[in-house]
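Undergrad: The following block contains the structure, expressed as structure tokens.
The values are calculated or read from the model by the stated rules, or taken from the named source; none is laboratory data. The model shown is predicted, which means the values in this text are computed figures rather than measured ones. Cβ placement follows ideal geometry from the backbone for every residue including glycine, while neighbour counts extend to all protein chains displayed.
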Ligand code: URA
């Protein structure tokens, strides 16, 4: 893999040439080892963002990132495996009810997850609000838990696609996150290295998502499905709406509480709908479409699997969740029908209240976040609570309120309506 240098690879992509397999292998390996500098890789990432990559280049780039670390193998488990990945949304707590639900249906879920950055929350941050719960597991612990409980949500170790870890942090500070080849290879290198047998991608579309329009989202979905399929992973994608935040909460502990409501057979209709849609795809991908996940929610077996999953990672599923020290209620400024609730506005408010982080080393507040008391289509009454803002620091409220301004519409005298379907399309 010698004979290349960083300037040659950067110039090739700058001048719109297709990178060769050996150029890609070399640059990923050299960057992981520190022989290609951050400024060189950020220049290449920008050239990729501007000039794109062919499917062949993306596949090779993904393989090179997988090869930078270890590859896990769950093929000796007694049950099939399936995982889900969401490209990130506001109020997206779906992994929490989904993983134990799918486990309760007889399919193991090995989910290596991340922490949130920016306005979208991270699954590990949410679970860490449960007293005692720990995100770091050894590979042996993960394997044992998959065999006994059937579901693990834990932190990806440093050995899983280390090239992506380094590159993602660099993209985050160089305006190069939004490149489809880089997003697709980033997500799929981790999921393929994780060793799941089936994968369902929840590709979010709308104001609260990376992909603001459906054509971009479809291109991302098709790219990822092709990468997964070529790697032997049964992969499908659902394009789902993220113009409105999911459920009624965005934060950490408050999203855990909402997920537990879903596992108890209640919870907001949209969260239940998406959880079941994704569960059905995961089960079909793993060859178990004979099981009805709705029954496992109704009969309490998904809740039992949740409690086992939390206890297996030293968490106490029955302990009280942390509560924010301060709260501020925003009342409806007029009566009518809520016609719009913007996911980005709510995500930003939750983030400013302390639920998310600005830099990856920042702590998050377990109790912080936003609760909204109506969803688009619902009647609201002037003076009644519309949002409850939660934070440990009172001084955070004013900036959160600013982000909610213009984030919703109330139509006086409007007629209440049913929510629009969440699943926009299916790829795969
Ligand atoms: N999530 C990832 O893991 N990688 C990206 O590039 C974007 C979202």
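Undergrad: Can residue 209 be described as within 13 Å of the ligand (Cβ to nearest atom) and within 15 Å of residue 64 (Cα to Cα)? Give the derivation first.
TA: Values: within 13 Å of the ligand (Cβ to nearest atom): yes; within 15 Å of residue 64 (Cα to Cα): no.
In short, no.
Undergrad: With 106, 69 as the choices, which residue is modelled with pLDDT of 95 or more, farther than 19 Å from residue 251 by Cα and not assigned by TED's automatic domain parsing to the domain that holds residue 147?
TA: 69
Undergrad: Scan region 1-22 for residues that are more than 31 Å from the chain's Cα centre (by Cα) and within 14 Å of residue 63 (Cα to Cα) and jot them down.
TA: 20, 22
Undergrad: Right, next: For residues that are part of a strand (DSSP E or B) and under 25 Å from residue 242 (Cβ atoms), tally how many sit in region 325-346. Before the answer, list the steps.
TA: Initial filter on region 325-346 (part of a strand (DSSP E or B)): 326-331, 336-341.
Narrowing the set further to residues that are under 25 Å from residue 242 (Cβ atoms) leaves 330, 336-341.
Total meeting the criteria: 7.
Undergrad: Which helices (runs of 4 or more DSSP H) does region 127-246 wholly contain that include 3 or more residues that are outside the structural domain of residue 269 (by TED's automatic domain parsing)?
TA: Working: elements: 139-148, 162-172, 180-194, 214-230.
Answer list for region 127-246: 162-172.
Undergrad: Filter region 294-337 for residues that are within 26 Å of the chain's Cα centre (by Cα) and closer than 21 Å to residue 397 by Cα; which is surrounded by the most Cβ atoms within 10 Å (Cβ to Cβ)?
TA: Here is the first cut: in region 294-337, the ones within 26 Å of the chain's Cα centre (by Cα) are 294-298, 300-324.
Now narrow it down to the ones that are closer than 21 Å to residue 397 by Cα: 322-324.
Values: 322: 18, 323: 12, 324: 24.
Checked region 294-337; the qualifying residue surrounded by the most Cβ atoms within 10 Å (Cβ to Cβ) is 324.
Undergrad: Hey, residue 112 hits all of (1) at pLDDT 95 or above; (2) in a strand (DSSP E or B); (3) within 15 Å of the ligand (Cβ to nearest atom) but one; which does it fall short on?
TA: (1)
One line per residue, one yes/no per condition, for (1) under 19 Å from residue 362 (Cα atoms); (2) surrounded by fewer than 22 Cβ atoms within 10 Å (Cβ to Cβ); (3) within 19 Å of the chain's Cα centre (by Cα):
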{"position": "115", "(1), (2), (3)": "yes, yes, yes"}
{"position": "121", "(1), (2), (3)": "yes, no, yes"}
{"position": "129", "(1), (2), (3)": "yes, no, yes"}
{"position": "135", "(1), (2), (3)": "yes, yes, yes"}
{"position": "141", "(1), (2), (3)": "no, yes, no"}
{"position": "148", "(1), (2), (3)": "no, yes, no"}
{"position": "151", "(1), (2), (3)": "no, no, yes"}
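Undergrad: For residue 88, all conditions in the list (1) within 16 Å of the ligand (Cβ to nearest atom); (2) on the phi < 0 side of the Ramachandran plot; (3) at pLDDT below 95 hold save one; what is the number of the exception?
TA: Unmet for residue 88, out of (1) within 16 Å of the ligand (Cβ to nearest atom); (2) on the phi < 0 side of the Ramachandran plot; (3) at pLDDT below 95: (2).
Undergrad: Taking region 161-180 as the region of interest, how many residues are more than 10 Å from the ligand (Cβ to nearest atom), at negative phi and surrounded by fewer than 24 Cβ atoms within 10 Å (Cβ to Cβ)?
TA: Our first condition is that a residue be more than 10 Å from the ligand (Cβ to nearest atom); within region 161-180, this holds for 162-163, 166, 169-170, 173-175.
Still in the list and also at negative phi: 162-163, 166, 169-170, 173-174.
Retained after the next criterion (residues that are surrounded by fewer than 24 Cβ atoms within 10 Å (Cβ to Cβ)): 162, 166, 169-170, 173-174.
The number of residues fulfilling the criteria is 6.
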